[in-house]
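Quick notes on the structure that follows.
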Amino acid sequence: MKLLLVEDDPTLQVAMQRLLRQWGYGLELAGTGSKAMGWLEQERFDLVLLDLGLPDTDGLTLCRQLRRLPRHQPLVLMLTARDDRRDKLLGYEGGADDYVVKPFDPELLRVRLAALLRRADRPLQSQLCWGPLALQSGQTVALVQGQPLELTNKEALLLEQLLRARGASCRKSELLHACGDGRRVVGEDALRAHMRNLRQKLTAAGCDPNLIETVYGLGYRLLASAAT
């Protein structure tokens, strides 16, 4: 996997370069928007880590330019100190695939990158189903036997992760990523609490009480026999 890091802060650039290469990614660097576009016009990248505050352009403008490239368009993960809700909305509307706020937890960034790159060549399903259970990607209302079930945002994110795995085990690190916002570590106690609440809601709605199985020492998965 080849990444392009667009970051003008020399200290952060060095730290990110060390981390990304330690994680096994091929990497090129750009400190300005013009240099980044130069790389993008001549090389194929799987993902761009994009800072919004660049010296010669705004990262949002660069992202929009990237989305107009006639050839391959890489995934974009915006990595920025801008924490305002409006900035996040503009980021996603401008073409970002994910948005991580600085300062961030390196381990959460690692699993976030891995999750993005796993889907790079695999289009996302809009509706995910498992037996009587269905969830539209990005929504917080699930359907159980056609009846709506209200979930919290974190519960819906966890359920979406499990549905995408289609009965395979989801590691705790992947599920913790689904609970987090890229800035702080979400502990396993919080994960267990969200999972407990999700199980209770699904059971009360008519799902098998064992629909979400604990895979001890690893994470969670959906009960295979409930898929039919």
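The values are calculated or read from the model by the stated rules, or taken from the named source; none is laboratory data. What you are looking at is a predicted structure, and each value in this text was computed from that prediction instead of being measured. Glycine gets a Cβ as well: all are built from the backbone with ideal geometry, and neighbour counts include every protein chain shown. Accessible surface areas use protein heavy atoms only, side chains included; no ligands, DNA or RNA. Shrake-Rupley method; radii C 1.70, N 1.55, O 1.52, S 1.80 Å.
Just a few scattered comments:
- Search result, residues across the range 189-216 that are open to solvent by 80 Å² or more (accessible area, probe 1.4 Å) and more than 19 Å from Ala142 (Cα to Cα): Asp189, Arg192, Tyr216
- Boolean, Arg183 is among the basic types (Lys, Arg) and at pLDDT below 85: yes
- Those helices (runs of 4 or more DSSP H) of the range 1-85 in which 3 or more residues are touching a residue at least 24 places away in the same chain (Cβ under 8 Å) and touching a Gly at 6+ places or on another chain (Cβ under 6 Å) occupy 59-66.
- As for the range 76-91, it holds no residue that is surrounded by fewer than 16 Cβ atoms within 10 Å (Cβ to Cβ) and under 13 Å from the mean Cα position of the chain (by Cα).
- Tally of residues being over 11 Å from Leu162 (Cβ atoms), in contact with a Leu (Cβ under 7 Å, 6 or more places away or on another chain) and of a type outside the set (Gly, Ala, Ser) across the range 196-228: 4
- Filter result for Leu222 (surrounded by 18 or more Cβ atoms within 10 Å (Cβ to Cβ) and at pLDDT below 90): no
- Of the candidates Val100, Val111, the single residue that is under 30 Å from Ala224 (Cβ atoms) and either of a type outside the set (Lys, Arg) or part of a loop (DSSP other than H, G, I, E, B) (or both) is Val111.
- Once the range 129-160 is narrowed to residues that are within 30 Å of Arg44 (Cβ to Cβ) and not polar (S, T, N, Q), the residue that is modelled with the lowest pLDDT is Gly138.
- Failed item, numbered, when Leu124 is tested on (1) touching a strand residue (DSSP E or B) at 6+ places or on another chain (Cβ under 9 Å); (2) at pLDDT below 85: (1)
- Just one residue in the set Asp87, Asp105, Asp98, Asp46 is more than 30 Å from Gly167 (Cα to Cα) and of a type in the set (Asp, Glu); that residue is Asp87.
- Given (1) of a type in the set (A, V, I, L, M, F, W, C); (2) over 20 Å from Asp8 (Cα atoms); (3) not in a helix (DSSP H, G or I), number of the condition Leu89 does not satisfy: (3)
- Checking each residue in the range 106-119 for being open to solvent by 40 Å² or more (accessible area, probe 1.4 Å) and either under 24 Å from Leu12 (Cα atoms) or in contact (Cβ under 8 Å) with a residue 40 or more places away in the chain (or both) picks out Pro106, Glu107, Arg110.
- Only a single criterion out of (1) in contact with a helix residue (DSSP H, G or I) (Cβ under 8 Å, 6 or more places away or on another chain); (2) surrounded by 17 or more Cβ atoms within 10 Å (Cβ to Cβ); (3) not hydrophobic (A, V, I, L, M, F, W, C) is not satisfied by Gln13, namely (1).
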